[in-house]
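The values are calculated or read from the model by the stated rules, or taken from the named source; none is laboratory data. Since this is a predicted model, take the numbers as computed values, not measurements. For neighbour counting, all protein chains shown are included, and Cβ atoms are generated from backbone atoms with ideal geometry for every residue, glycine included. SASA here: full protein model, heavy atoms, side chains in, ligands and nucleic acids out. Shrake-Rupley method; radii C 1.70, N 1.55, O 1.52, S 1.80 Å.
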Amino acid sequence: MANTFIHKTAVVDDKVDIGSDTRIWHFSHVLQNSIVGQGCSIGQNVVIGPDVKVGNNCKIQNNVSVYKGVTLEDDVFCGPSMVFTNVFNPRSAIRRMDQIRPTLVKKGASLGANSTIICGVTIGKYSFVGAGAVVTKDVPDHALVKGNPAKQTGWICECGEKINSEMICCVCQKEYQWLTDMDSDSTTGNTIAFVDLAAQQKIILPEIEKNIQTVLQHGQYIMGPEVKKLETQLAKFAKVKHAVTCSSGTDALIMALMAYGIGYGDAVFTTPFTFIATAEAIRICGATPVFVDIDPGTFNISVEKLKKTISDFTKENHSGLKPKAIIPVDLFGLPCDYDGINMIAKENDLIVIEDAAQSFGAEYKGRMAGGLGHIGCTSFFPAKPLGCYGDGGAVFTDSDEIAEKVISMRIHGKGSNKYDNVRLGINGRLDTIQAAILLAKIKIFPNENQKRREIAKRYTNLISLLNNADNILLPGTFEGYKSAWAQYSLLLKNDKIRSIIQKQLKASSISSAVYYPTPLHLQTAYRDLGYKQGDFPMSEDFAGRVISIPMHPYLKEEEQLRVVAGLNYSATIPNT
Ligand SMILES: *Cc1c(COP(=O)(O)O)cnc(C)c1O
């Protein structure tokens, strides 16, 4: 090859391909079937191969072994004495060369002096591994990682300089998109998580393991004894006669609608300011959602507007739809005004299906969420107040007849057995393993519920002390209502302030979320319902300026202080 230099002390085996302008220095060895690209510099005492591919313009410094299984793309820098491994659990006496885990180092990455790359990982494009770091998992593109085990501490530009929190290179000013969510796998030690399931797991892990072990032993993965046991506890907690568990909150809503025979030609009144599943369940059943705007104080369906919508609907009903039910949603954990709603339902002969997906644990005038309408539905999605480790849900009712129908419906509408089908049903069961997990979680749930209330109270106190508190509307508290605090949501003055606060929180490694950015009547999939911008001004307005901050029972006071400091934007923007 043109201009290739191989020092006379270096050994290059047969069937090796070395690119032009590549130099190989003293005592290095390239083993057979390896390819080294053009313009590379291979230092002293380097081993490459067998069967290794090194891209173009790579620099491999002294004392590096690039073993079989490792691939270097172009422009990779391997610092002096850094280490690749290729077997995860080597034993001298056990042959494991058939268990090589491949390692890929992508274009432009730099691996610092003395760093160690545990086999099986991918090192992202232009990422930077600090000197001495021990990399045990994949490194994202442009990430800067340090330490043992290596953790991400920032972002690095193609030019090798840091990228700041605005995602601009401090030196060359190159702009980047937000690459990946830095806190997505809590790579930074001091990130404040939105929901901290790991902290909870620490407390209940032995119980969970024991419960799962029991399931593994009896092997009844479908409708095992844990399911019934859980249902008894759920019913007791929600103060209702029956709790019927099921596969998700969405399926709970679908089965509740089906149990009351709601379908084609029926109208169901609900809020547009909710998760899509509420309206989706209505449409899956063939019925039509009729939206009613929210009450600005609670974010929940407005009782006055509900009354007006129903009365207008019955007076001038052009659609031919028959009003059948109301689905109030206890948004963020706060129950709706059920006295008002149940009264309207009674007057108009409507069924009240409570969407308590976010409010399990909440109270309304001494009664528990889930039991506030004719039928209640909740979700055990992991981030909900009571969550499992997958999907799950439950239906609550005092009616024996409705409970029996749901029990049948969740197993394909079974009659006396699974192969005798007496009504339309679905595959809607809760897994036994999820029930086993929930049995461990429900034990600590009352305590967690209490902790959430204390944490919410502390947020409210702290936030009201901020200089800019006037621009932040706090979640209301109401006589007779106890929220489950699934979310702690604030209403900011406008969308501009929200985006400043979002950026500020992100820069301080604090998670936040927007529930919900688009009201349901403006969703693409619901366009055929004929709604337009302006139909529900409260929901539309709130979608533009609501924000939810970290909320879980394990939030520490100092973390709350940090979150609240992140809301204090007056310090960083000039008066406008
Ligand atoms: C989460 C949620 C649902 C759906 O629950 P899944 O278990 O995810 O199906 C329904 N309604 C509301 C308001 C929710 O927040």
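When peptides 419-431, 375-387 are ranked by their average number of other Cβ atoms within 10 Å per residue, the highest-first order is 375-387, 419-431. Placing a label point 7 Å from the Cα of residue 339 along the Cα-to-Cβ direction, the residues of region 458-502 with a backbone N closer than 16 Å are 478-482. If a spin label sat at a point 7 angstrom from the Cα of residue 404 along the line to its beta carbon, the backbone N atoms of region 260-274 nearer than 16 Å would be those of 260-261. Within the chain, the selection of entire DSSP H helices by a Cα span of 24 Å or greater along the long axis and an average Kyte-Doolittle value of at least -0.5 returns 197-218, 432-464.
In Å², what does the accessible area per residue of region 445-567 work out to with a 1.4 Å probe? Walk me through the intermediate numbers first.
Working: 5780 Å² over 123 residues.
Averaged over the residues of region 445-567, the accessible area is 47 Å².
Once you've got the Cα coordinates, tell me which of 53/162; 210/241; 174/493; 228/418; 443/482; 322/405 are over 27 Å apart. Mind showing how you got there, number by number?
Values: 53/162 29 Å; 210/241 29 Å; 174/493 33 Å; 228/418 18 Å; 443/482 20 Å; 322/405 23 Å.
Result: 53/162; 210/241; 174/493 exceed 27 Å.
Between the listed residues 364, 494, 212, the Cα displaced farthest toward the positive end of the dipole of the chain, a dipole computed from Cβ unit charges relative to the Cα centre, is found at 212.
Note on residue 202 and residue 514: the extension gain reaches 109.5 nm, defined as 0.36 nm multiplied by sequence separation minus the Cα-Cα distance. Sequence-distant contacts, meaning Cα pairs under 8 Å at least 6 residues apart, place the relative contact order of the chain at 10 percent. Our summary gives region 216-373 a relative contact order of 20 percent, counting only alpha carbon pairs under 8 angstrom and 6 or more residues apart. Extension gain for residue 220-residue 3 works out to 71.1 nm (0.36 nm per residue, less the C-alpha to C-alpha distance).
Extension gain, residue 500 to residue 264, is 80.4 nm, computed as 0.36 nm per intervening residue step minus the present C-alpha separation.
The Kirkwood hydrodynamic radius of the chain, based on inverse pair distances between different Cα atoms, is 27.5 Å.
Work out the FRET efficiency for residue 421 and residue 232 from their Cβ-Cβ distance, taking R0 = 30 Å, and round it to the nearest 0.05.
That pair, residue 421 with residue 232, gives E of 0.65.
Packing here is the average count of other Cβ atoms within 10 Å per residue, and on that basis the peptides 265-274, 79-88, highest first, run 265-274, 79-88. Decide, for region 445-567, between rounded, prolate and oblate: order the square roots of the alpha carbon gyration tensor eigenvalues as a ≥ b ≥ c, take rounded if a/c falls under 1.5, and otherwise choose prolate if a/b is larger than b/c, else oblate. Prolate, since a/c reaches 1.5 and a/b exceeds b/c.
Give the accessible surface of region 231-314 per residue, rounded to a whole number of Å², with probe radius 1.4 Å and ligands, DNA and RNA excluded. Write out the running numbers ahead of the final one.
Numbers: 2780 Å² over 84 residues.
Ligands and nucleic acids excluded, the figure is 33 Å² per residue.
Sites listed here are chymotrypsin sites (Phe, Trp or Tyr not before Pro) in region 473-535 whose DSSP assignment is loop and whose Cβ has at most 15 other Cβ atoms within 10 Å: 478.
Computed in the context of the full set of protein chains, the accessible area of the chain at 1.4 Å probe radius has 51% of its extent on carbon or sulfur. Given R0 = 60 Å, the distance between the Cβ atoms of residue 308 and residue 74 translates into a calculated FRET efficiency of 0.35. With a 1.4 Å probe rolled over the protein heavy atoms of all chains, the accessible area of 262, 168, 94 falls in the order 94, 168, 262, largest first. Rolling a 1.4 Å probe over the protein chains gives residue 26 an accessible area of about 60 Å².
Evaluate E = 1/(1 + (r/R0)^6) for residue 136 and residue 457, where r is the Cβ-Cβ distance and R0 equals 30 Å; express this FRET efficiency to the nearest 0.05. Kindly include the intermediate steps, with their values, before the conclusion.
Values: r = 40 Å, r/R0 = 1.35.
The value I calculate is 0.15.
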